[in-house]
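Trainee: Dropping the structure in here first, questions after.
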Amino acid sequence: MEASIEMEPVAFAATETDIEKTFAKQKTYAPSLRISNAEQRIQKLKNLKAQLDQHKAEIYQACAADFGKPEAEVDLMEFFPVYAELNDAVRQLKKWMKPKRVATPLSMIGTSSFIQYEPKGTSLIISPWNYPVNLTFCPLISAIAAGCTAIVKPSEMTPNLSKVICSIIEASFPSEEVAAFEGGVEVSTELLAQPFDHIFFTGAPQIGKIVMTAAAKHLSSVTLELGGKSPVIVDDSADIKQAAKSILWGKFNNAGQTCIAPDYLFVHESIRDEFINNAKDIIAHYYGKTAEQQQSTVDFCRIVNTNHYRRVAGLLDDALDQGASLIAGGVKDEATRYVAPTLIDNVSSAADIMHEEIFGPILPIITYTDIDHVVDTINSKPKPLALYIFSKDKNNTQHILKTTTAGGTTVNGIMLHFSNFNLPFGGVNNSGIGSSHGFHGFKAFSHERAVVKNHFSLATMLYPPYKPRVKKMIKTTLKLFG
Ligand code: NAD
């Protein structure tokens, strides 16, 4: 495969005043969006869909230019989730917007209560480079569905995609409703200085902390979709071939640059050899038998830029220096930012690769005998975004689910919990705060307003002055309902 083009430093497409002016315009416009109905919002989503359709060819080209992403992976991991999210919002929005009645406790007889979903108002969406289309437009769809204005800042690391994303947004919306700014840290910092009502950030945990600190200044609410090390466990009851197929697809698609990619793997000692033999065959089947075939296949993506290439290559070198053994792959080429699909084992727990999110096509394999040691190791690290279990043993699966925590889990598969938009997608603490997708995404950009209608409440009978009769009624209320 040809090396994808080197990145040009991104020229800042926004000045401080541009950002302030756009924010001010959106703040003024937000109240008119607040009263928009489902049909109007659905029409906006349909306009966005039409623009996405029109820009499809440019998106394929930009993905190839930015990091050699194969068209099949663009279809599966960029377009498919966006269209699925958009079509679901179009289908469900009327239902989502309807006030939801809640039950009335006996003590509140004479009242009725409901939750009214109202748009939070102005929102900021900052997205990463690894799935730029998916992770920019999915939150934007939720923001539009909820009736918020939005300023979008895609990542400077994928400059060709950022350009296309900004053109799609410009063609779909007036800037008082949705605007986009290209740029890097300076633009992000200036945007974060504005008092947005909600900030939806997708990126690394350390940047998430910067975002949350900036949000705290204005008490803006946040959704933080972060990352971390997502473990996989393959126990001795698992379907080994199926596990290897799924794990390697999840690890090597997008060259491992996926927030919910399997980061490192625990395999039961009794099936270790069989798993590794299967894994080698599967790499050969997916990407080619020889190192040359693997390096030239168009089905394998490149590392996004030289800095990230050096980081990923450095993790591999450090692991090997500390005694890890190479099982497969290991070929690297800085000029084309290529790191082969790589499997390693005997990895020292002190190696950096066991502490940093790998975000590259290297899979450390750890052999285990006692599942509780596996659980302890996982629980000694920050809470993961995803945890995968391959097992046919219901008790073991349940034991792992009960004794660990993670943003989400797929049992006997990889990334499937991301694809069901009826599930909340998100992390926990270090891997994220809040959730997205479907109704959960709509709720992220909505305030759940608590409304009680008082019809004939008896509460007034408990008001002062606290004469003996009133006191007695308060005591009785406490006795009955307290
Ligand atoms: P990143 O955090 O470096 O960048 C994300 C965005 O933040 C970019 O738009 C960038 O310009 C901006 N940014 C960078 N530094 C900033 C700063 N100091 N202040 C303000 N904004 C700043 O992340 P990335 O490298 O683009 O993506 C990789 C990370 O994102 C990984 O950790 C991955 O796990 C995580 N991720 C999470 C999800 C999820 O859904 N949870 C999805 C994709 C990626």
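The values are calculated or read from the model by the stated rules, or taken from the named source; none is laboratory data. Treat the numbers as computed from the prediction; the structure is a model and nothing was measured. Please note: Cβ atoms are built from the backbone with ideal geometry, for glycine as well, and neighbour counts cover all protein chains shown. Please note that ligands, DNA and RNA were not included when accessible areas were found on the heavy atoms of the full protein model with its side chains. Shrake-Rupley method; radii C 1.70, N 1.55, O 1.52, S 1.80 Å.
Trainee: Need a quick list: helices (runs of 4 or more DSSP H) entirely within segment 382-477 having at least 1 residues that are touching a helix residue (DSSP H, G or I) at 6+ places or on another chain (Cβ under 7 Å) and within 23 Å of G208 (Cα to Cα).
Mentor: 438-444
Trainee: Among the residues of segment 140-161, write down those that are more than 9 Å from the ligand (Cβ to nearest atom) and open to solvent by 10 Å² or more (accessible area, probe 1.4 Å).
Mentor: Within segment 140-161, P159, N160 qualify.
Trainee: Given the conditions (1) touching a strand residue (DSSP E or B) at 6+ places or on another chain (Cβ under 6 Å); (2) open to solvent by 10 Å² or more (accessible area, probe 1.4 Å); (3) within 15 Å of the ligand (Cβ to nearest atom); (4) of a type outside the set (V, I, T), and given that A238 satisfies all but one, which numbered condition is not satisfied?
Mentor: (3)
Trainee: Here is a follow-up. Could you grab me the full set of residues in segment 202-213 that are near the ligand (Cβ under 10 Å from one of its atoms), touching a strand residue (DSSP E or B) at 6+ places or on another chain (Cβ under 8 Å) and open to solvent by 10 Å² or more (accessible area, probe 1.4 Å)?
Mentor: Answer for segment 202-213, where residues must be near the ligand (Cβ under 10 Å from one of its atoms), touching a strand residue (DSSP E or B) at 6+ places or on another chain (Cβ under 8 Å) and open to solvent by 10 Å² or more (accessible area, probe 1.4 Å): T202, G203, I207.
Trainee: Can you name the residue in segment 117-134 that is touching an Asp or Glu at 6+ places or on another chain (Cβ under 8 Å) and in a strand (DSSP E or B) and, of all such residues, is surrounded by the most Cβ atoms within 10 Å (Cβ to Cβ)?
Mentor: Out of the qualifying residues, it is S123.
Trainee: Just to verify a result, which residue in segment 102-116, among those that are in a strand (DSSP E or B) and polar (S, T, N, Q), is nearest to the ligand (Cβ to nearest atom)?
Mentor: It comes out as Q116.
Trainee: Output the residue which, of all residues in segment 286-323 that are surrounded by fewer than 16 Cβ atoms within 10 Å (Cβ to Cβ) and not in a helix (DSSP H, G or I), is nearest to the ligand (Cβ to nearest atom).
Mentor: Once the filter is applied, the top-ranked residue is D299.
Trainee: Residues of segment 435-447 being in contact with a strand residue (DSSP E or B) (Cβ under 9 Å, 6 or more places away or on another chain), open to solvent by 40 Å² or more (accessible area, probe 1.4 Å) and not basic (K, R), which ones?
Mentor: Once the filter is applied, which keeps residues that are in contact with a strand residue (DSSP E or B) (Cβ under 9 Å, 6 or more places away or on another chain), open to solvent by 40 Å² or more (accessible area, probe 1.4 Å) and not basic (K, R), segment 435-447 yields H440, H447.
Trainee: Looking only at segment 265-285, decide whether some residue is open to solvent by 30 Å² or more (accessible area, probe 1.4 Å), assigned to a loop (DSSP other than H, G, I, E, B) and either assigned by TED's automatic domain parsing to the domain that holds L385 or in contact with a strand residue (DSSP E or B) (Cβ under 7 Å, 6 or more places away or on another chain) (or both).
Mentor: No - not one qualifying residue is present in segment 265-285.
Trainee: Shifting gears a bit: Please specify each residue of segment 55-75 satisfying the condition of being open to solvent by 10 Å² or more (accessible area, probe 1.4 Å), touching a residue at least 24 places away in the same chain (Cβ under 8 Å) and in a helix (DSSP H, G or I).
Mentor: Listed by number, the residues that qualify are E58, Q61, A64, A65, A72, E73.
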